[in-house]
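Each value in this text was obtained by applying a stated rule to the coordinates, not by laboratory testing. As the structure is a computational prediction, the values presented were derived from the model and not from experiment. Cβ placement follows ideal geometry from the backbone for every residue including glycine, while neighbour counts extend to all protein chains displayed.
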Amino acid sequence: MGEADVLSYERFVSVDGTVAHVYERYADSAAAVRHLRTFKRKCNERFVGMVDRERFTVFGVTSDELKGMLNGFGPTYLDPFGGFSR
């Protein structure tokens, strides 16, 4: 999608095509909010018709605004607990 502050946007699918995983990573909650607004306007209707969401996990510190947008999807929120990334 070429959005600013989207660090990673990848899709994976099982060999039999029955399981898909979408991995998204943003610079911060504000970037995720901007993405969700764009996605809703451009792609949401088509995407919802293609998948049955079974799990939704959000990693990192999440703003109240972003949680307000995501809570309807029943996400699991996981806060940072050490580690490192490159």
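For the chain, the antiparallel share of DSSP beta bridges with both residues in that region comes to about 70%. In loop segments of the stretch 1-76 as defined by DSSP, the trypsin sites (Lys or Arg not before Pro) with at most 10 further C-beta atoms inside 10 Å of their C-beta are Arg55. With neighbours defined as other Cβ atoms within 10 Å of a residue's Cβ, the residues Glu3, Glu45 order from fewest to most as Glu45, Glu3. Which residues in the stretch 55-79 have a backbone N closer than 19 Å to a point placed 7 Å from the Cα of Arg41 along the Cα-to-Cβ line? Under 19 Å, as judged by backbone N against the label point of Arg41, lie 66, 69-70 of the stretch 55-79. In the chain, the inverse of the mean reciprocal separation of distinct Cα atoms equals 14.3 Å; this is its Kirkwood hydrodynamic radius.
Charge dipole of the chain (Cα centre as origin; +1 on each Lys and Arg Cβ, -1 on each Asp and Glu Cβ, all else neutral): 220 debye, rounded to the nearest 20.
Spin-label model, Asp28/Arg53: points 7 Å from Cα along the beta carbon direction are separated by 2.4 nm.
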